[in-house]
Every structure is written in structure tokens, then in C-alpha cells.
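Worksheet for the structure shown next.
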Amino acid sequence: MHGYAYLPLQTPDASTVYLRVSDTRAMTPWRVPVPAVVLAVAGVTTLEMYRHPDDAQGGRPQYARVFSAGEFFTVHPDTLCATRGTAATVQVLATTEPVTDREGPLSDAAHTSFARRAHQYLE
């Protein structure tokens, strides 16, 4: 969903945190149902935010920024935005609810593959 594979991370307080690994280099719309914070850990992330749906469809962002490792951004519910990562983009996503609008859970083989890629990029 929106260009990333989601690998759930265990946290001591049962927070909803994911390691996100880029799976496409395309600018992909991101439906934001709940508040979220994204920390770029490796690679580069491009974020675009739009005022109206027509602006998003026309590729006319009101705000655009590139985030590198160590930088973070927040998004709020109903924000119209899109993101694009590089092949080596790894992020930590903290949100108030589990991410559910994906194509389905990753297979064991896909999970292992993305976890290995993330480990490689983080080294």
C-alpha cells in the first residue's frame, strides 16, 4: 500500500509501529485515516501534500519536500498526500491504529525478503 511493505515492530507498550520498506519508486497516494509520524531511517522520501483532490490528480502539490535519514514528518487524518521512496528507503511509521488498507498480509517469503533488504540498507 502506497509504495511500502509494512513490517510490524514489537514495542513494550503495544504501540502501533511499523518498519516500512519501499517497494516502488512511483509517487503513490496515501490515504491517511489516523495521525501518523514517519521517521526516515535510510534512503530518501519525497512527500507531496495537496489542498484539493483535483490538485492531487493533476500533480499540483501545495507542499512538497524531500526527507533524508534522520528527518521525520507527521500527517493528520484526511490529509491528501502522496509519497515516493528510493529503492533503499526504510522508515519507521508510528500511528494510532493498525494499518488495514493494504492488499493483504505479506507472505512469509515476502516478509523475509523485505526484512533482509531493510537490514542491508540499515547496515
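Return the loop-located trypsin sites (Lys or Arg not before Pro) in the stretch 23-123 (DSSP other than H, G, I, E, B) with at most 15 other Cβ atoms within 10 Å of their own Cβ; answer none if there are none.
On the way: sites: Arg25, Arg31, Arg51, Arg65, Arg84, Arg102, Arg116, Arg117; in loops: Arg25, Arg51, Arg102.
Hits after loop and neighbour filter: Arg25, Arg51, Arg102.
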- Looking at the stretch 26-120, which GluC sites (Glu not before Pro) are DSSP coil and have at most 10 other C-beta atoms within 10 Å of their C-beta? Glu103
- Quick calc of log₁₀ I(q)/I(0), the chain, Debye, one scatterer on every Cα, no solvent, q values 0.10 1/Å, result -0.29
- Note on the structure: Expressed as a percent, the accessible surface of the chain that is carbon or sulfur, using a 1.4 Å probe and the full set of protein chains, is 54 percent
- Determine the dipole magnitude for the stretch 3-123: charges of +1 sit on the beta-carbon of Lys and Arg, -1 on that of Asp and Glu, nothing else is charged, the reference point is the Cα centre, and the result goes in debye to the nearest 20. 300 debye
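Using Cα pairs under 8 angstrom and six or more residues apart, how large is the relative contact order of the chain, in percent? Walk me through the intermediate numbers first.
On the way: 272 pairs, mean separation 43.3, N = 123.
RCO, the chain: 35 percent.
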- In a solvent-free Debye calculation with one equal scatterer on each Cα, what is log10 I(q)/I(0) for the stretch 14-72 at q = 0.18, 0.24, 0.28 Å⁻¹, listed in the order of the q values? -0.77, -1.22, -1.37
- Item | Sites Thr16 and His52, calculated FRET efficiency, Cβ-Cβ separation with R0 25 Å, nearest 0.05 | 0.30
- Message: What is the angle, in °, between the Cα long axis of helix 108-122 and the longest principal axis of the Cα atoms in the chain? Nearest 10 is fine, range 0 to 90.
- Response: 80 degrees
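The values are calculated or read from the model by the stated rules, or taken from the named source; none is laboratory data. Every value quoted in this text rests on a predicted model; they were computed, and no experiment measured them. Here Cβ is always computed from backbone atoms with ideal geometry, including for glycine, and neighbour counts include all displayed protein chains. Surface accessibility is based on the protein's heavy atoms, side chains included, excluding ligands, DNA and RNA. Shrake-Rupley method; radii C 1.70, N 1.55, O 1.52, S 1.80 Å.
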